[in-house]
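One structure below.
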Amino acid sequence: VNACSQTLLRKEHGLGGYDSDFSEDENEAETSNCQRTGKDAALLTKPFQKQKYARLAHKQVAAHEWDREEARNRRFHLVAMDAYARHKKYINDYLLYYGGSVEDLKRSTVNDKTDLDMIKENHRFLWTEDDEDGMTWEKTLAKKYYDKLFKEYCIADLSRYKYNKFGFRWRVEKEVISGKGQFCCGNKHCDEEEGLKSWEVNFGYIEHGEKRNALVKLRLCPECSLKLNYHHRRKEVKAVKRKHREEHHHDAPAEKQAKSAEKHICESKGKSSTSKTGQNDDDSDQESEDKPDADNPSEAEYWKGPAQDVDEKTKEDEFDEYFEDMFL
């Protein structure tokens with residue numbers, strides 16, 4: 001490289017020296033080698049390869065390179081974060097740059113409504129066919145909640161009984177399982193289980209700007225019953241004892257009565273035959289047979305009138321008697 005630079009200087013500035021034939025040949029060989037290495041370097045350079053600076057770079061170039069390196073590092077950290085951490089970083093950077101607080105970015109929750117709020121707004125104590133016209137999503141949700149309630153007995157709020165104001169609502173599944181309102185006092189703040197009475201109340205209420213009435217039934221202990229009847233006495237529901245109906249006998253077909261009469265006659269004949277054989281065998285049996293027996297009437301008593309059919313209770317009657325005091 002030094003030899004090439006020297007030959008170029010001599011040609012440009014005309015600097016001579018001691019010349020000789022051999023020196024000229026050497027100079028030509030050196031120049032050809034320099035040209036070959038320059039061409040090879042040009043061929044070996046890549047199109048995206050930057051020029052190497054032999055001196056310090058300019059400030060703008062240094063700043064540009066520094067920004068690229070910083071952006072590369074920031075991108076690497078952002079990719080490594082999850083979505084929540086990335087969101088927090090953006091929010092903090094925004095607040096540091098523009099100022100303010102985190103509460104300024106929070107959304108207003110004044111107009112937000114939950115499913116419970118929808119049910120409270122559209123709930124009805126009793127749904128009618130007119131109420132089901134033009135059902136919206138909110139009304140449908142309230143109607144489904146209403147269908148899941150148990151409407152046999154009510155739960156009462158008697159806290160304002162002195163002002164003749166009462167609150168009633170239907171029972172939920174949890175209260176039905178525990179017996180609240182049926183086997184336990186139906187007052188919201190009472191758990192008495194002794195001396196419960198059933199009452200029918202004409203419940204008048206205003207719902208969605210419309211006045212309505214409903215006949216409800218609830219069971220209360222003696223103390224809560226006094227609160228319910230503080231101003232005027234309500235109707236008490238008492239258990240009606242089941243009586244044997246004679247209509248069942250009159251409504252029975254004649255064929256059934258005839259068959260039953262024949263059955264009793266055959267049984268009486270069998271008993272009389274056995275009694276005769278016993279009379280011949282033993283005298284002690286004769287004394288017992290001569291006495292009138294209420295359970296086994298004589299044959300003459302069967303012919304005095306139509307045989308009375310024995311009242312046989314069906315399974316439905318047995319269930320009704322079992323649940324008679326339960327569902328008043």
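The values are calculated or read from the model by the stated rules, or taken from the named source; none is laboratory data. Fair warning: this is a prediction, and the values are worked out from it, not measured in the lab. Every residue, glycine as well, gets a Cβ built from its backbone with ideal geometry; the counts of neighbours run over all protein chains shown. The accessibility values were calculated without ligands, DNA or RNA, using every heavy atom of the protein model including side chains. Shrake-Rupley method; radii C 1.70, N 1.55, O 1.52, S 1.80 Å.
A few remarks follow.
- Candidates Val172, Val237 - the one that is over 30 Å from Asp131 (Cα atoms), among the aliphatic types (A, V, I, L, M) and open to solvent by 10 Å² or more (accessible area, probe 1.4 Å): Val237
- Lys165 being surrounded by fewer than 17 Cβ atoms within 10 Å (Cβ to Cβ), within 28 Å of His231 (Cβ to Cβ), modelled with pLDDT under 95 and touching a Leu at 6+ places or on another chain (Cβ under 9 Å): no
- Test set (1) surrounded by 11 or more Cβ atoms within 10 Å (Cβ to Cβ); (2) under 30 Å from Trp127 (Cα atoms); (3) at pLDDT below 90 - Lys259 fails condition number: (2)
- Some residue of the range 92-109 being at pLDDT 85 or above, surrounded by 10 or more Cβ atoms within 10 Å (Cβ to Cβ) and under 36 Å from the mean Cα position of the chain (by Cα): no
- A Cβ distance below 9 Å, combined with a sequence gap of six or more or placement on separate chains, defines the contacts here; from the range 53-82, residues that are over 18 Å from Asp93 (Cα atoms) and of a type in the set (Ser, Thr, Tyr) reach residues that are assigned to a helix (DSSP H, G or I) and modelled with pLDDT under 90 in the pairs Tyr53/Val61.
- Test: residue in the range 106-116 that is in contact with a Leu (Cβ under 8 Å, 6 or more places away or on another chain), within 30 Å of Tyr145 (Cα to Cα) and not hydrophobic (A, V, I, L, M, F, W, C): yes
- Search result, residues across the range 204-218 that are open to solvent by 30 Å² or more (accessible area, probe 1.4 Å) and under 15 Å from Tyr153 (Cβ atoms): Leu215, Lys217
- Test: Lys188 is over 29 Å from Thr114 (Cβ atoms) and touching an Asp or Glu at 6+ places or on another chain (Cβ under 6 Å): no
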